[in-house]
DNA sequence: CGTCAAGCCCTTTTT
DNA sequence: GGGCTTGACG
């Protein structure tokens with residue numbers, strides 16, 4: 001028997017070997033579903049199934065990447081060719097081939113992220129003369145998104161609209177749709193929606209993919225939305241070999257349109273389905289599982305299951321009542337340090353939280369202590385201004401209809417083109433039914449423009465033609481470098497030597513590095529694929545597990561992962577469950593499932609932390625303990641008696657003026673990297689993490705991060721009471737002490 | 001046209 | 001507490 005089969009238990013093996021017909025695997029947390037999925041793929045290949053007739057769909061790129069790696073480990077390099085991807089990247093791949101069959105978009109479409117979509121919505125509001133206070137772009141975008149996830153286009157939405165507000169949203173929706181088409185741009189939801197529409201309308205294309213994919217596997221099926229449901233159903237219609245894996249208790253994307261019914265009703269869709277329950281947990285101790293079960297059993301909307309383990313009972317779940325978020329962070333730091341002294345790896349520890357905004361306080365704790373950490377997800381590299389600017393140049397060069405990108409870069413660097421000139425340009429473009437790009441090349445025909453603006457537009461379009469001429473001639477990283485130099489983006493940043501500009505230049509270099517990695521990876525190295533890559537692959541996906549760092553992330557991001565030591569921070573009513581869910585029982589249940597996901601990430605030891613006082617929006621708020629802690633039977637819990645835990649502290653809290661906690665000890669810094677990066681040339685190799693230094697201005701401090709060497713060396717140091725400062729060792733007035 | 005300060009609303013989670 | 005828009009001024 002094959003090695004990968006030997007490792008499986010009887011039930012898992014059954015799931016792997018049942019290759020024909022629909023199969024539903026109910027996989028409890030930690031029951032080895034990834035092993036089952038990879039073994040099944042390997043088994044299919046072993047049985048002679050052609051590799052290009054297997055389609056595996058996951059929810060995150062990270063999961064897809066991991067599965068690909070594991071399949072390759074079993075079947076060898078040949079496994080590279082397999083279709084393992086997220087729904088979204090699968091759809092892009094299909095659309096790049098087929099989208100012109102729909103007759104609306106062309107293959108060089110670009111993908112708009114949320115902020116770009118909101119800009120479009122703002123344009124719609126302006127044109128329709130709607131108030132952007134009443135129709136908040138982010139809110140309207142949410143409505144449109146949910147609607148598309150329900151497979152509703154604007155026409156359907158307009159039919160269903162009852163009140164005046166909805167009717168107005170329907171108008172916005174319609175104009176929004178038209179504008180995306182004009183820009184030859186798709187939003188995230190379109191990637192799925194347009195694919196399904198295309199397959200529905202175009203039977204030739206549908207047949208092609210239906211017959212191609214003989215075996216379809218879908219991971220995290222409980223998180224599929226209606227469009228995704230339709231897509232899998234259509235693709236599986238001919239061969240009926242559809243294998244879905246999921247766990248109702250881990251459904252945490254209802255707010256994104258995920259519908260638990262898809263998994264609950266799978267049997268109705270496929271009456272001949274084989275149902276397999278994976279109930280043995282290999283991950284956690286008995287006590288951790290008990291705690292998780294205590295919480296989840298309070299949900300009504302679920303299918304009871306019996307998750308069990310042969311693991312020993314283990315340690316009790318440790319709870320801690322922190323005074324404030326700084327105390328909470330310090331508790332985590334103390335305990336991780338302790339674990340590290342006992343030879344546990346930093347990378348075996350994870351801190352999970354409900355909202356990204358919680359990462360700040362915890363991050364500061366790690367910086368103070370000099371503990372290496374990395375934040376997964378959250379504020380993204382690709383959202384930095386300078387990065388978005390280069391991407392916009394690439395997008396515009398790739399797709400000249402993209403007016404959003406044009407408007408982003410037209411005055412970057414400053415070319416003296418302002419709002420008034422842009423207004424005339426837009427009017428001209430609309431009147432002549434041409435793109436902004438074409439309008440700018442015909443600026444001399446626009447009478448209202450000042451001579452200066454006319455020249456600026458003409459020079460801009462000449463520059464773009466020049467850049468476009470180099471596209472394809474140069475390798476991608478070189479092309480990006482060329483853009484940065486020719487446009488003057490780089491020169492503008494290098495003009496004024498500020499730490500901020502230095503950081504931006506460093507970020508741009510890192511972006512070129514991303515392009516270099518991309519070219520080396522398994523792609524065609526084209527601008528098209530690169531743009532798709534950066535639109536769909538967030539830095540969440542490059543969680544470098546090999547280096548020894550504590551991982552910080554939301555519980556959503558943590559799904560599918562496991563860690564020996566897990567800290568869940570912010571177990572407070574209003575934060576978790578989040579205040580915005582408190583009014584609605586269904587949403588509370590989703591929060592509870594999220595808690596279940598969080599708890600079941602832990603293998604050996606779980607810490608549940610809560611803070612009595614927390615500052616939210618710069619306001620101090622006092623929170624009570626999360627109901628989820630109360631739901632855990634106290635026999636599984638043990639209150640930590642570390643510093644600041646006892647009643648005496650608690651009483652002291654009430655006698656102290658609460659504003660005392662509002663005092664911030666940190667100076668402002670812009671993201672982890674932005675202001676912290678500097679370069680250095682002299683005696684740089686002398687600096688190491690943990691070095692105590694004295695700075696002429698800031699006083700005593702500790703080096704917490706050193707990156708690069710020689711000219712490229714970047715360092716970060718923390719100064720008590722001042723926070724983290726970025727230092728250019730070359731210029732910084734620092735001495736080792 | 002560009003800059004700066006005051007005031008706004010906000011953060012739930014992500015492909 | 002902070003990022004973004006707005007409006008006054010140079």
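Numbers below:
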quantity	calculated
Mean separation of Cα contacts under 8 Å, 6 or more apart, over the residue count of segment A:325-387: relative contact order %	40 percent
Per residue Cα convex hull volume in Å³ - calculated over segment A:437-505	102 Å³
Label-reachable residues, segment A:235-278, where backbone N falls under 13 Å from a point 7 Å from residue A:160's Cα toward its Cβ	A:257
Chain A: antiparallel DSSP beta bridges as a percent of all, rounded to 5	30 percent
Per-peptide average of other Cβ atoms within 10 Å, ordering A:41-49, A:194-202 highest first	A:194-202, A:41-49
Segment A:289-345: radius of gyration and largest Cα-Cα distance (Dmax), Å	16.3, 44
Relative contact order (%) - criterion: Cα under 8 Å, at least six apart; region: chain A	15 percent
Calculated FRET efficiency for the pair residue A:635/residue A:93, C-beta based, R₀ 45 Å, to 0.05	0.30
Theoretical ellipticity at 222 nm over chain A - DSSP helices of four or more residues, -39500 (n - 2.57) apiece, nearest 500	-13500 deg cm²/dmol
Efficiency of FRET between residue A:468 and residue A:238 - r from beta-carbon atoms, R0 51 angstrom, step 0.05	0.75
Three-way shape call for segment A:86-150 based on the alpha-carbon gyration tensor, with the a/c threshold at 1.5	prolate
Area projected by the alpha carbon convex hull of chain A, averaged over all directions, nm²	35.0 nm²
D (Stokes-Einstein, µm²/s), Kirkwood Cα radius, segment A:61-103, 1.567 mPa s at 4 °C	113 µm²/s
Packing-based exposure ordering (other Cβ within 10 Å, fewest first) of A:160, A:289	A:160, A:289
Isotropically averaged projected area of segment A:348-485, using the convex hull of Cα atoms (one quarter of hull area), nm²	12.4 nm²
Three-way shape label, segment A:163-320, alpha-carbon gyration tensor, a/c 1.5	oblate
Gain upon complete extension [residue A:432, residue A:286; 0.36 nm per residue less C-alpha separation]	45.5 nm
Förster radius 22 Å - calculated FRET efficiency between residue A:211 and residue A:107, Cβ distance, rounded to 0.05	0.45
Over segment A:364-488, relative contact order from alpha-carbon pairs under 8 Å, at least 6 apart, %	21 percent
Per-peptide average of other Cβ atoms within 10 Å, ordering A:462-475, A:163-176 highest first	A:163-176, A:462-475
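Only the coordinates and a few stated rules stand behind these numbers; no lab work does. Model, not experiment: these values are computed from the prediction. Please note: Cβ atoms are built from the backbone with ideal geometry, for glycine as well, and neighbour counts cover all protein chains shown.
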